[in-house]
1. Would you mind finding the one in 69, 77 that is surrounded by 15 or more Cβ atoms within 10 Å (Cβ to Cβ), in contact with a Ser or Thr (Cβ under 9 Å, 6 or more places away or on another chain) and in contact (Cβ under 8 Å) with a residue 24 or more places away in the chain?
2. What's the total number of residues in the stretch 9-39 that are surrounded by 18 or more Cβ atoms within 10 Å (Cβ to Cβ), over 24 Å from residue 149 (Cα atoms) and within 14 Å of the chain's Cα centre (by Cα)?
3. Output the residue which, of all residues in the stretch 141-167 that are modelled with pLDDT of 85 or more and aromatic (Phe, Trp, Tyr), is nearest to residue 184 (Cα to Cα).
4. Anything in the stretch 90-129 that is among the β-branched types (Val, Ile, Thr), in contact with a helix residue (DSSP H, G or I) (Cβ under 8 Å, 6 or more places away or on another chain) and in a loop (DSSP other than H, G, I, E, B)? List them, or say none.
5. List pairs: first in the stretch 102-131 and touching a residue at least 40 places away in the same chain (Cβ under 8 Å) and under 30 Å from residue 72 (Cβ atoms), second among the polar types (S, T, N, Q) and outside any loop (DSSP other than H, G, I, E, B), Cβ under 6 Å, 6+ apart or cross-chain?
6. Which of (1) modelled with pLDDT of 95 or more; (2) farther than 30 Å from residue 170 by Cα is the odd one out, the single condition residue 38 does not satisfy?
7. Would you pick out the residues in the stretch 40-63 that are surrounded by fewer than 19 Cβ atoms within 10 Å (Cβ to Cβ), part of a helix (DSSP H, G or I) and either on the phi > 0 side of the Ramachandran plot or touching a helix residue (DSSP H, G or I) at 6+ places or on another chain (Cβ under 7 Å) (or both)?
Amino acid sequence: MQSHKIYDYIERLSNLLRNDSRRGIAEFGLQPIQLEALHYLSICNRYSDTPMAVTEYLGQTKGTVSQTLKVLEKKGLLSRHVDSHDKRVTHLQVTAAGQTVLQASIPSPLFMQACTGLSAASQQEIESTLEKLLCTLQHSNNMKTFGVCGSCGYNQKNHDGSYLCQLTREPLTSAEVQLICREHLAAA
């Protein structure tokens, strides 16, 4: 069955990338889960930069994520900010030091080296196929998609080139529509 081979390749790739990541982040004194949380926070939007969203995205327990975020904050890689409209909500932001860690770690040097051996067409084909596989897996399990705003059913591009989130009724910047959101709705 072809699906077993696909699974085996993805599993092996994941292990190689995880091992390379562990080597790369050792100099920063980080664990893989901490790098994953930092990476997520660097690519999410203002609706998705909360501890609960990190928990949902990583599929970890609240306790694990709480401890992860405390370590990142203590190391100066992450800062917390209370929401200006709802004081019960805490937003998380990657600091300049956190960005430095991410630039050195994601994507890993091993991955970048491997990709240089692939043509642009091959890279595009792999990206497209993996995106389809991810969407199918998320859809079949009723998982949140955490997709980018630009591909969201709530995203509305106005005649003047600006964007509006129809869920929150708030304007979005061009940069924000490139970020992932926990409220993402796959466009029909």
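The values are calculated or read from the model by the stated rules, or taken from the named source; none is laboratory data. All values derive from a computational prediction rather than experimental measurement. All Cβ positions, glycine included, derive from the backbone under ideal geometry; neighbour counts span all protein chains shown.
1. Residue meeting the stated conditions: 77.
2. 1
3. 154
4. Narrowing the stretch 90-129 to residues among the β-branched types (Val, Ile, Thr): 90, 94-95, 100-101, 106, 116, 126, 129.
Subsequent filtering for residues that are in contact with a helix residue (DSSP H, G or I) (Cβ under 8 Å, 6 or more places away or on another chain) retains 90, 94, 101, 106.
Passing the criteria: only 106.
5. 102/42; 108/21
6. Of everything listed in (1) modelled with pLDDT of 95 or more; (2) farther than 30 Å from residue 170 by Cα, residue 38 misses just condition (2).
7. If the condition is that a residue be surrounded by fewer than 19 Cβ atoms within 10 Å (Cβ to Cβ), part of a helix (DSSP H, G or I) and either on the phi > 0 side of the Ramachandran plot or touching a helix residue (DSSP H, G or I) at 6+ places or on another chain (Cβ under 7 Å) (or both), then 42, 51, 58, 62 are the ones that fit.
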